[in-house]
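No lab work stands behind these numbers, since they all come straight from the coordinates. None of these values were measured; they are calculated from a predicted model. Cβ placement follows ideal geometry from the backbone for every residue including glycine, while neighbour counts extend to all protein chains displayed.
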Amino acid sequence: MTSGAPCAIGVDVGGTKIEAIVLDAAGQERWRERVASPRGDYDASLQAIAALVARARQAAGGARCTIGIGAPGNVTARGVMKNGNSTQLNGRPLPRDLEALLGQPVRLTNDANCLALSEATDGAGAGAEVVFAAILGTGTGAGIAVRGRVLNGPNGLAGEWGHNPLPWADPGELQIACFCGQRGCIETLVSGTGLARDHAHVSGGTLRAEEVVERAAQGDAACEATMRRWESRLARALAHVINLLDPDVIVIGGGLSRVERLYANVPPLLPRWVFAGGVRDEPVRTRIVPSAHGDSSGVRGAAWLWRE
């Protein structure tokens with residue numbers, strides 16, 4: 001699995017938590033732990049990662065392990081981070097600093113790429129030719145795996161779905177400023193943050209995304225209307241992916257992947273926007289499924305980065 005090493009350590013660096021895992025040579029989980037992410041503090045983030053890796057090494061019994069890191073954002077040709085919504089990482093040489101701190105080489109890629117790799121390897125997209133994996137959480141991102149390998153591109157931007165404009169916008173649809181410098185990005189409207197913001201804008205009520213989901217299930221009319229708008233936006237954003245990439249499967253990760261109604265309500269909306277060349281009732285064959293490994297899929301993908 002991992003260049004001859006008997007085990008693999010994966011670390012998922014998120015905005016709210018940092019998680020580490022140890023997988024054995026057969027891909028079985030041997031140990032896992034998560035801690036809260038230090039907010040806005042680069043040096044504290046490095047130390048938190050190092051402490052988790054130290055405990056992972058101890059759990060591996062001193063066996064030689066590879067280390068893979070999933071982090072928000074991308075690594076530039078100069079080896080510094082860019083495009084991360086955990087902005088303390090941007091402009092910092094995270095791979096180099098981690099290698100110096102941990103005393104061995106690391107492989108680092110976008111956290112959404114780790115999700116795609118995990119699900120294409122032994123998850124909901126196992127065996128599929130093309131897997132598009134979307135993270136719907138505090139932010140929104142995506143990764144692409146082709147024949148079981150991550151697609152990066154020369155700019156490291158393959159799958160940066162969240163920073164394109166939401167297609168087929170409705171009149172009066174919110175055009176929210178994004179941290180990337182643009183307005184109306186998919187991330188600002190399809191993420192959990194975007195769902196909550198839209199609800200506040202339309203209804204005047206201040207609720208977290210999970211509260212909107214819960215109240216809609218209880219029959220709250222305003223929350224149900226918010227969920228319908230969100231499902232329309234998600235369908236449009238995913239139809240755009242299908243028109244461009246035509247993946248075999250779209251795997252949903254992140255906190256909103258647990259919203260069960262999306263798997264029933266979004267697919268029937270897709271034919272309105274998926275190109276069918278004037279053929280009526282043409283089915284959309286792309287499957288939309290939740291990640292098999294839940295919110296730990298990204299950390300598993302990080303561990304898989306060194307597999308041969």
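A DSSP coil position with no more than 13 other Cβ atoms inside 10 Å describes the following trypsin sites (Lys or Arg not before Pro) in region 23-89: ARG39, ARG64, ARG78. Identify, among THR140, GLY172, LEU102, the residue whose Cα sits farthest towards the positive end of the charge dipole of the chain, taking +1 on the Cβ of Lys and Arg and -1 on the Cβ of Asp and Glu, with the dipole about the Cα centre. After comparing all options, I get LEU102. Working note: Cα gyration tensor of region 43-149, eigenvalues times five, square-rooted, sorted largest first, giving semi-axes of 24, 19, 12 Å.
Treating the angle as unsigned and between 0 and 90°, give the value, to the nearest 10°, between the Cα long axis of helix 42-59 and the longest Cα principal axis of the chain. So the helix axis and the longest Cα principal axis differ by about 60 degrees. Overall dimensions of region 166-254, expressed as equivalent-ellipsoid semi-axes from the Cα gyration tensor (√(5λ), whole Å, largest first), are 23, 17, 12. The GNM of the chain, with springs linking C-alpha atoms under 10 angstrom apart, assigns the highest mean-square fluctuation among PRO165, PRO154, PRO268 to PRO154.
Listed by Cβ neighbour count within 10 Å, with the fewest neighbours leading, TRP306, TRP230 appear as TRP306, TRP230. Considering only alpha-carbon pairs that sit under 8 angstrom and 6 or more positions apart, the relative contact order computed for the chain is 21 percent. Summarised as an ellipsoid, region 91-187 has semi-axes of 28, 20, 10 Å, derived from the eigenvalues of the Cα gyration tensor scaled by 5 and square-rooted, with the largest first. Available extension along the chain between LEU101 and ARG55 is 15.1 nm, counting 0.36 nm per residue and deducting the alpha carbon span. Positive-end ranking of ALA77, ALA112, ILE21 along the dipole of the chain, with charges on Cβ about the Cα centre, is headed by ALA77.
The calculated Kirkwood hydrodynamic radius for the chain is 19.8 Å, given to one decimal from all distinct C-alpha pairs.
Loop-resident trypsin sites (Lys or Arg not before Pro) (DSSP state other than H, G, I, E or B) in region 248-292 with no more than 12 further Cβ atoms inside 10 Å of their Cβ: ARG280, ARG285.
Structural size metrics of region 126-291, computed from C-alpha coordinates, are Rg and Dmax of 15.7, 48 Å. Scaled to the globular estimate 2.2 N^0.38 Å, the Cα spread of region 130-212, given as radius of gyration, is 1.23. Computed about the Cα centre, the dipole magnitude for region 126-291 is approximately 160 debye when only Lys and Arg (+1) and Asp and Glu (-1) carry charge, each at its Cβ. Apply the a/c threshold of 1.5 to the C-alpha gyration tensor of region 100-153 and tell me whether it is rounded, prolate or oblate. Taking the square roots of the gyration eigenvalues as a ≥ b ≥ c, region 100-153 is oblate. For the pair VAL146 and ARG64, the difference between a 0.36 nm per residue extended length and the Cα-Cα distance amounts to 26.6 nm. Helix 221-245 and the longest principal axis of the Cα set of the chain meet at an angle near 70°. Close amide H contacts of HIS293 (hydrogens built in the peptide plane, cut-off under 5 Å, sequence separation of 5 or more or a different chain): ALA124.
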